[in-house]
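The values are calculated or read from the model by the stated rules, or taken from the named source; none is laboratory data. Being a predicted model, the structure only gives us computed values, none of them experimental. Remember, those area values only see protein heavy atoms, side chains included, never the ligands or the DNA or RNA. Shrake-Rupley method; radii C 1.70, N 1.55, O 1.52, S 1.80 Å.
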Amino acid sequence: MSRKGPGISMGREKELDFNKPNFYDPALSHALVSYFDGTEDVLKRSKTTLMQSPELFENDIVKNFHPYFEPFKPLVRQWWNIIILGYMYRAHEFYNIHRHILRIINDALPTLPDENKAEATQKELTRRENRRARLL
């Protein structure tokens with residue numbers, strides 16, 4: 001959620017800087033603090049609530065993906081559903097979680113766009129090659 005694509009300029013700093021009101025995204029900032037950067041108590045409370053109310057996942061997590069990562073949303077939703085099934089029911093998904101996650105990743109790979117065709121990826125690859133050439 002805090003990234004906007006590949007490379008060195010992938011951060012979403014403007015969207016997380018409340019001193020830049022034209023760019024600041026309070027929903028993104030709240031989600032990052034609630035689920036990743038908060039205190040131990042905040043993280044525990046937020047993640048417990050998320051597990052008990054799985055519908056929050058769409059609004060708090062998926063909604064805050066940068067458009068660059070749009071193609072990954074179906075994969076992330078499937079991943080979340082498997083985690084929730086295992087958590088709530090201690091079912092087959094719980095005991096075989098890695099096999100299920102690997103299956104959905106393998107199923108998703110052919111549906112994802114070719115990362116080498118994305119403009120941001122090309123810029124980053126060019127930047128890396130130029131840097132490598134300067135270092136040699």
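Looking across segment 22-76 at every residue that is outside any helix (DSSP H, G or I) and of a type outside the set (Phe, Trp, Tyr), the one that is nearest to the chain's Cα centre (by Cα) is identified as 66. Scan segment 81-136 for residues that are open to solvent by less than 50 Å² (accessible area, probe 1.4 Å), part of a helix (DSSP H, G or I) and at pLDDT below 85 and the total you get is 5. Considering segment 54-64, the residues that are modelled with pLDDT of 90 or more and open to solvent by less than 60 Å² (accessible area, probe 1.4 Å) include one that is farthest from residue 10 (Cα to Cα), namely 56.
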